[in-house]
Amino acid sequence: MKAFWSKPAEPQVETSPKTWDEVKTTTCYMCACRCGIRVYLKDGTVTYIDGNSKHPVNKGVICGKGASGIMQHYSPARLTKPLMRVGERGSGEFREVEWEEALRTATLWLSEVRAKDPKKLAFFTGRDQSQGLTGWWASQFGTPNYAAHGGFCSVNMAAAGLYTFGGSFWEFGEPDWKHTKYFMLFGVAEDHASNPIKMGLGKLKKRGAKFVSVNPVKTGYSAIADEWVGVKPGTDGLFAGAIIHELLKADKIDLPYLVRYTNAHWLVIQAPGHPENGLFLRDAEGRPQAVDQTGRLTDALAAELTPRLVGEVTLKDGRKAVPSFDLIARRFLSDEFSPDTVASQCAIPAATIRRIAAELAHVAFEQEVTLDVAWTDWAGRKHDKMTGRPVSMHAMRGISAHSNGFQTCRTIHLLQILLGTIDAPGGFRYKAPFPKPVPPAVKPAGKQGQVKPLTPLAGPPLGFVMGPEDLLVDAKGTPQRIDKAYSWEAPLSAHGLMHMVITNAAKQDPYGIDVLFMYMANMAWNSAMNVPDTIKYLTAKREDGEYVIPRIIYSDAYASETVAYADLILPDTTYLERHDCISLLDRPISEADGPADSIRIPVVEPDRDVRPFQTVLLDLGARLGLPGMVNADFSPKYPGGYPDYIVNHERAPGIGPLAGWRGADGKAQGKGAVNPDQLKRYEENGSYWFHELPDSQKYFRHANKEYLEWAVSFGLLGKAEPIVFQLYSEVLQKFRLAAEGHGAILPPPEHRQRILTHFDPIPCWYAPFEGDMVGEVEYPLHAITQRPMAMYHSWGSQNAWLRQILGRNWLYMSHFRAAALGVTDGDWVYVISHHGRIKVQVKRMDGVNDDTVWTWNAIGKRKGTWGLDANAAESKKGFLLNHIISELLPEREGGYRYSNSDPVTGQAAWYDLKVRIEKAEIGAGVSEPQFDTIKKIPGFKRPNILRFMGGKKKS
Amino acid sequence: MTSLPDTTKPGQKKLGLVIDLDICVGCQACATSCKEWNTQGYSAPLTDENPYGADPVGVWLNRVHAYEVDDGTSTNVVHFPRSCLHCETPACVTVCPTGASYKRAEDGIVLVNPDTCIGCKLCSWACPYGAREYDYQEGVMRKCTLCVDRIYNENLEPEDRQPACVKACPTGARAFGDLGDSESAVSKLVAEREGYDLMPQFDYKPVNKYLPPRTRKDKPTPKAGASLLDVMPEAKTTADRLFRWADRLLSR
């Protein structure tokens, strides 16, 4: 019998509730990481999302964004029906229209352009994960004016890698998380490609490996680094160069690796003034030459060869030549790169640089990793082990987004290669489809004469130029593309310059356009440099009252700031309502251990009158009669929309958007006939496909015979030839020669010095442009952004949960800097650049470079957008640095204003921003500038109380 | 006032979390995974007031804070996840006038029974950790349940029977298990890494433990040395330095 004072019986808790009736696997889209997710459904409502434990990318984990997907899916900012503008551009006044009217209107506008001059369509697709389709569509339409967001994201980094070792940082490769013992991270964008890095960092620290973060700001990943190196923005190249300096001086470099895998021994002609100066010495067949230990000229590509790496040779014709390594070593042994020289420029003590160089050398040369795995090299020679130097590096923004980013990234790759770490155990590993030839053998189409009415382009609009002959310019050197990609202003712009499209179109430079068609890019706000003028450009009118950009079509799922500036809105679905295909033809989800791709499936049907953009694009293609999108009788080739295309489209015989379960029996992968059951097979497998390479193919893939032969059979490579790292870049030298007046295709005189300076065939460093032009005295501070881990670009603010985590931003600066300025937490300041000023509120911290101020990216929102109340903190206190970043550099001599971009690749240089800070009065206590409130877009429903209970009704 | 179960007997199960401050990067995965599970689970709903307005305020059972901490020589950024610690002697339970707040005898989980909670908020005043949040719309107190509706849930795969925050964590900074069992993986982890109690001076005996950041490897080590100067040859000029490589026999 229980005593009366005893505790009452515990309540019965239901410990096995089933709050769902169905679970579907698909792919996340809360950032570009593309993790596998499981979506739990109850009565057709999404109740819960978690990570798919079997998925190769995230292995069951999920991030703060991914787990908030429900709130994105049920966002009040979702567009609900096609819209036609009725008010002035920017007013937000629309009328709802039926899809048939919307599609007919778009078809009419687009067919006029295509019949007259297809390049007058500028089709730019932002954070598109379907570039395999959208690029092909542009090419079938016949316009060269196509790109996605890479030009303002990280093209200088991507291009630096692809022109150096046939791979690239960021999502296209990864540190060997399992074996690396020393990891250096140069900058980062913590909002995407995020879970693999977080998982890797966790593993690495548990193993006791050292993690060094090189970043002006100590947040996020930097916070858990063993060592934070608070570099001054834009000087990473000097820091990496000084490490190279130390390693070369101490002879701590992997010479055997260089001779095997790079062009270190290739002879470079030294004949100043000669048209072949700086090019590789080649034989009659075009094969590069080396000199062997006996002093004899020989084929540099031969397998059995003992080449010299230093020393000049005199050729029969009297010219001189030296191995490229000789030139590179001389560059980095010079005092220009000594730790003592760079220390004050980088804000990194010389002793720290020396110590890090010593640590790298120690780990690389004293702590080798050997795997008991036999493999065969490109020449057929068998090796019984795989040995690597366990130093790895990774990089993202901070390296990209500076005007010197291409050369800085090349310098980091040089460092990795000198240490013998690319695709070696413990080093940096490729992810399929990489490695590719250096650079990939795809050239951009769209030369003068190739763009014709009613005619597809001869090839894809984006590719890799090998020399001036591949540029898209006319005889006078005038750019052929609206963004001036592949012109003398940005010759290696492999991802285009989306950030220049609106400016150039409004200025009709190099020409005006008729239709601007954009997808998922917030170009009237946080994706633009210079928001105030961008808005002017979007609304500029000609004398006859017509807009200078006459037609703007925009597709997005959400009411972003850009919606109000379009004439026709094609509302997209959320990521849970659509098919998608994350393809090896585009940006796959491959792992270092093997290729992988994935799909999205509609886990719920849209409850609004919206359609998946890719299906709409194919519909438009059919209505326009684009080749490849219609049958012989002009009926649509893919009447089933995007899923129909994903399964049935073949880019080359046997090669389609998805690599898995090809062939009539579903047993082929890579190449194989169309399999009508392919999507079903993906769904059964958790919406992804992954092929794990055999151990013998997991490393040294640039020179691994088994891998190279497999890659050819699979369709990733054309030939099973070794991929030779281009430490010295002959492609760059060809541009330099043109700038010196050699060859048939020459840059206009006004561009020549710029080419000469920046197209250095040896990695180099120069000061970021804006800082160099505006002066240290007037604008002493760097201003940059960091990516909050719980937000992806502008998308997070519409999310009821994520905006509670970060609903406004502050300007962060060091205590030292704040004291010098006489400001403290909560004070208002003006941040002034050469272009404009913003008024913002300050917070102080220790973990920031003293010469740097920073804020979270894309938190500021325009009033009335993203489904938010006009009083939202995002609008009243939040702010963007974009308003004070000019898309054009200050005038040079002669008055010309170049775009604010990397001169090699056209990468937007928005991290080059230099500012000064002045204390401001509180005033109204709101950030400035404030823009007019955008009127409510039709269809909004915004609850005041959110009781989200999934499929359950509150009892 | 509510009494506590006798949890002093040997072998008493003490379920809890171990949180590794060495590798938490502050990504908020644990916070939002908690929110999405629990707003449809035992604690449903976790209300958000004014979710799209000027001052959104929602109920969360787990929040991650970021602080700069000066250890005397340098400043470190610490990401600090905060949720109920499922104390062995929790004042939040003993102050409860209705018995709504209680500690489970079988596993030590501290729960609130929403049917008997009167919303008096005494428990949130009693908790020094700020682990409880009041839902003004529902009129009840909410707190971490250690996902009591997941960890035993027979409808989930065995690998998923863990708190949503633990399953989510990308860096592996969160572990779940029986801290009453000295042989459990979590207990061993605590022993190995010198896990500690939060604010032990209150003597509520938190079950959850925090693992301190590891020693940072940012000082010269004897093996690697402070620089490569010692191994640098005497060579003074660039030409001399290049000359070292002239006779190296390197085969491809």
Please average, across the residues of B:240-248, the number of beta carbons from any other chain that are within 10 Å of each residue's own beta carbon, and give a whole number.
-> 6
In nm, to one decimal, how far is the A:D633 label point from the A:N685 one, both placed 7 Å along Cα→Cβ?
-> 3.6 nm
Rounded to a whole number, what is D in µm²/s for chain B from Stokes-Einstein with the Kirkwood radius over alpha-carbon pairs (4 °C, 1.567 mPa s)?
-> 62 µm²/s
What spacing in nm lies between the two simple spin-label points modelled at B:S74 and A:Q448, each 7 Å away from Cα in the Cβ direction?
-> 5.7 nm
In whole angstrom, how far apart do the alpha carbon centroids of the range B:122-178 and the range A:66-105 sit?
-> 38 Å
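Taking loop as defined by DSSP and a crowding limit of 15 other beta carbons within 10 Å, which trypsin sites (Lys or Arg not before Pro) in the range A:15-53 fit? All intermediate terms of the calculation are to be shown ahead of the outcome.
On the way: sites: A:K18, A:K24, A:R34, A:R38, A:K42; in loops: A:K18, A:R34.
Here the trypsin sites (Lys or Arg not before Pro) that fit, given the DSSP loop and packing criteria, are A:K18.
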Expected integer from the mean partner chain Cβ neighbour count at 10 Å over B:228-237 is 4
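Above 20 angstrom, tally the Cα pairs of the range A:346-466 and express them as a % of all pairs, no decimals.
Details: 4613 of 7260 pairs.
Tail of P(r) above 20 Å: 64 percent of Cα pairs.
Go through the range A:816-903 and name the trypsin sites (Lys or Arg not before Pro) that are in a DSSP coil and have 16 or fewer other Cβ atoms within 10 Å of their Cβ.
On the way: sites: A:R817, A:R837, A:K839, A:K843, A:R844, A:K861, A:R862, A:K863, A:K876, A:K877, A:R892, A:R897; in loops: A:K861, A:R862, A:K863, A:K877, A:R892, A:R897.
Answer by residue number: A:R892, A:R897.
Given the Cα atoms of chain A, and with Rh set as the inverse mean 1/r over their pairs in the Kirkwood sense, what is Rg to Rh to two decimals? Before the final figure, lay out each step's value.
Details: Rg = 27.8 Å, Rh = 29.0 Å.
Radius of gyration over Kirkwood radius for chain A works out to 0.96.
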Among B:W37, B:W125, B:W60, which one shows the biggest mean-square fluctuation in a GNM of chain B, springs joining Cα atoms closer than 10 Å?
-> B:W125
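So what's the range A:22-133 giving for Cα Rg divided by 2.2 N^0.38 Å, two decimals? Could you put the intermediate results ahead of the total?
Details: Rg = 19.4 Å, N = 112, 2.2 N^0.38 = 13.2 Å.
It is 1.46.
B:D203 to A:K59: FRET efficiency via 1/(1 + (r/R0)^6), r the Cβ-Cβ distance, R0 56 Å, to the nearest 0.05? Can you show the working numbers first?
On the way: r = 40 Å, r/R0 = 0.72.
Plugging the Cβ-Cβ distance into 1/(1 + (r/R0)^6) gives 0.90.
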Could you work out how far the C-alpha centroid of the range A:248-300 sits from that of the range A:896-937, in angstrom?
-> 47 Å
B:T116, A:T573 arranged by Cβ crowding within 10 Å, fewest neighbours leading = B:T116, A:T573
Out of the range A:475-559, which trypsin sites (Lys or Arg not before Pro) are coil in DSSP terms and have no more than 10 other C-beta atoms within 10 Å?
-> A:K476
Using bins 5 angstrom wide from zero, how does P(r) for the range A:596-695 break down, in % of all Cα pairs?
-> 3, 13, 19, 21, 18, 15, 8, 3, 1, 0, 0
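From the C-alpha coordinates alone, can you work out the Kirkwood hydrodynamic radius of the range B:94-148, in Å? Mind showing how you got there, number by number?
Details: mean 1/r = 0.0879 Å⁻¹.
That comes to 11.4 Å for the range B:94-148.
Count the DSSP beta bridges whose two residues both fall in the protein assembly as shown, then state the antiparallel fraction as a percent rounded to the nearest 5.
Numbers: 92 of 136 bridges.
Roughly 70 percent of the DSSP beta bridges within the protein assembly as shown come out antiparallel.
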Would you kindly compute the Cα radius of gyration of the range A:266-308 and its largest Cα-Cα separation (Dmax), both in Å?
-> 10.9, 34
Exposure proxy ranking, count of Cβ atoms within 10 Å, fewest first, for A:F239, A:F735 | A:F735, A:F239
What does the convex hull of the Cα atoms of the range A:773-919 come to per residue, in Å³, rounded to a whole number?
-> 128 Å³
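Viscosity 1.306 mPa s, temperature 10 °C: give me the Stokes-Einstein translational D for the range B:146-231 in µm²/s, with Rh taken as the Kirkwood radius over C-alpha pairs. Can you show the working numbers first?
Values: Rh = 16.2 Å.
Approximately 98 µm²/s, per Stokes-Einstein.
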What is the Cα centroid distance between the range A:309-380 and the range A:802-845, reported in whole angstrom?
-> 41 Å
Exposure proxy order (Cβ contacts within 10 Å, fewest to most) of B:V59, A:V61, B:V69 = B:V69, B:V59, A:V61
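Looking only at the range B:15-211, where both bridge partners belong to it, what percent of the DSSP beta bridges are antiparallel (to the nearest 5)? All intermediate terms of the calculation are to be shown ahead of the outcome.
Working: 23 of 26 bridges.
Percent antiparallel among DSSP bridges in the range B:15-211 is about 90.
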Please report, in cubic angstrom per residue, the volume enclosed by the convex hull of the alpha-carbon atoms of the range A:37-96.
-> 135 Å³
So, in nm, how far is label A:A115 from label A:T824 when the simple model puts each one 7 Å beyond its Cα toward the Cβ?
-> 7.1 nm
In peptide A:341-354, what is the residue-averaged number of other protein chain Cβ atoms found within 10 Å of each Cβ?
-> 1
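Give me the one-decimal Kirkwood hydrodynamic radius in Å for the range B:19-127, with the sum taken over alpha-carbon pairs. Provide the component values of the computation, followed by the final result.
Working: mean 1/r = 0.0617 Å⁻¹.
Computed over the range B:19-127, the radius equals 16.2 Å.
Extension gain A:D21-A:E469, at 0.36 nm per residue separation less the Cα-Cα distance, in nm?
Details: separation 448, 0.36 × 448 = 161.28 nm, distance 6.06 nm.
Using 0.36 nm per residue and subtracting the Cα-Cα distance, I get 155.2 nm.
Any read-out appearing in this document is the output of simple, stated calculations on the displayed coordinates, not a laboratory observation. For clarity, every value in this text was computed on a predicted model and none was experimentally measured. Quick reminder, even Gly has a Cβ in these numbers, built from the backbone with ideal geometry, and neighbours come from all protein chains shown.
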